[in-house]
Protein chains: 2
Amino acid sequence: MRARTPENKERRTRDLLDSARELAQAQGVRTLRAGVHVSGVRRYFESREEILLVLAGREWTDWAGAVVARLGAGERPVPAAALAGLLAGSLDERPLFCDLLAHAQVSLEREVSAASVRAYKVAALDAVARLTAALTRAVPGLTGEAARNLIAAATALAATLWQTANPGEVLAKLYAEDPSLAHARAEFVPRMTQVLDALITGLIGPA
Amino acid sequence: MRARTPENKERRTRDLLDSARELAQAQGVRTLRAGVHVSGVRRYFESREEILLVLAGREWTDWAGAVVARLGAGERPVPAAALAGLLAGSLDERPLFCDLLAHAQVSLEREVSAASVRAYKVAALDAVARLTAALTRAVPGLTGEAARNLIAAATALAATLWQTANPGEVLAKLYAEDPSLAHARAEFVPRMTQVLDALITGLIGPA
């Protein structure tokens, strides 16, 4: 179905993004990238990589919105343990975001046009700026630089721990056969919460 | 050149690994993977991915050895800031390790045989065990679990920050043109040191 008016084109673009999102979430980003090309995509996007990077930008925006909403307007200070739980929980609820974070850095960002990577960076930086403002309001003693370091660490950990918690088929079989290797498969939420709790405590200094 | 004796085969395997290491370090893992196949490799390794995962395992062993040596036998307690600097510096000296860490999780581990991924996991877990023993000896108040969390966080951050500090061609050009985007390109050692210092402080608790 070809879109003949600007409205149709916009709707078709949105529909393609929604389908790609469902597929990526169901199959994982790696499997989706290795799969067959969906017909019609090239009329609206440069490539599958561009679609995935658009989705990654939206995930940044959505995650920032959710965290900012949960932090509130600073009327109640948020203690370190609660903030660690909030961040870990919000990332655990967003498996596609975690999966995309890893792929964006290693490959997606490197495989699209300047305009596409720029749009992604603008979305990510805007999300970081909104998160930084909300975090410094809600957490006494947390500076802007410390908040940016916290966001960088939380997303880096989420990207890594998500891949660890979702091994490939061969590795999953190995873990099932050999319990001595299985403890490499750290659980996402407990480890994330422990690390972020300690990090936030260290960033805000002694109470 | 075909290797006709076990000694020749071993030497040839070692030579191939050494060349692959030089190439990967010079070009980056992503470029190497996308490049042409080196002839003769298939006689000694399953695939380019297996070679890279063998290199990643060796990098884990090498990194652990260097950190353990610098930590000493626990005769002098290592303060948080010194440990953060030691870890950040040791990872900064190992760009190939940082690059491989990101690729191992997202793709290499998922593209090799069970025997190859098992050998990699054994090397990585052995390195983590040696690091954990040395860290708990050298850092008063650091438990084994906290040490493992610290190693997980340090390697996750190194994997992410290295990719950020080494953007692709298109992104590097964008950063040069638009300074408002360039601050996404965090410097590896300062950010790594800041985050690890705060994390270690939080992990060992108030002095």
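Details
- Rounded to whole Å, the principal axis extents of the Cα atoms in region B:90-207 read 48, 45, 19, largest first.
- The Cβ shell under 12 Å around residue B:163 holds other residues with a net charge of +1, Lys and Arg each +1, Asp and Glu each -1.
- Kirkwood hydrodynamic radius of the protein assembly as shown, from inverse mean 1/r over distinct Cα pairs, in Å: 22.5 Å
- Mean sequence separation of contacting Cα pairs (under 8 Å, at least six apart), scaled by the length of chain B, corresponds to a relative contact order of 25 percent.
- Gyration tensor verdict on region A:87-148 (Cα atoms; rounded if a/c is under 1.5, prolate if a/b is larger than b/c, oblate otherwise): oblate
- The calculated 222 nm mean residue ellipticity attributable to helices in chain B amounts to -24500 deg cm²/dmol, summing -39500 (n - 2.57) over DSSP H runs of n ≥ 4 and dividing by all residues.
- Å² per residue, accessible surface of region B:13-125 at 1.4 Å: 43 Å²
- Using a Gaussian network model of chain A in which every pair of alpha carbons under 10 angstrom is joined by a spring, one finds that among A:92, A:178, A:197 the greatest mean-square fluctuation is at A:178.
- Counting only other chain Cβ atoms within 10 Å of each residue's Cβ, the peptide A:182-193 averages 2.
- Annotation for the A:B interface, with buried accessible surface near 4000 Å², both sides summed [1.4 Å probe; non-protein components not counted].
- Over region B:9-139 - Rg/Rh using Cα atoms and the Kirkwood inverse-distance radius: 1.03
- Structure remark: mean-square fluctuation, Gaussian network model of chain B, C-alpha springs under 10 Å; the largest value among B:196, B:17, B:135 belongs to B:17.
- The distance separating the Cα centre of region A:108-180 from that of region B:79-158 comes to 18 Å.
- For region B:12-24, 3J(HN,Hα) per residue [Karplus equation, 6.51 cos²θ - 1.76 cosθ + 1.60, θ = phi - 60°, Hz, x = Gly/Pro]: 5, 4, 5, 4, 4, 5, 5, 5, 4, 4, 4, 4, 5
The values are calculated or read from the model by the stated rules, or taken from the named source; none is laboratory data. Since this is a predicted model, take the numbers as computed values, not measurements. Don't worry about glycine lacking a Cβ; one is built from the backbone with ideal geometry, like all the others, and counts go over all protein chains shown. Keep in mind that these areas ignore ligands, DNA and RNA; they rest on the heavy atoms of the full protein, side chains included. Shrake-Rupley method; radii C 1.70, N 1.55, O 1.52, S 1.80 Å.
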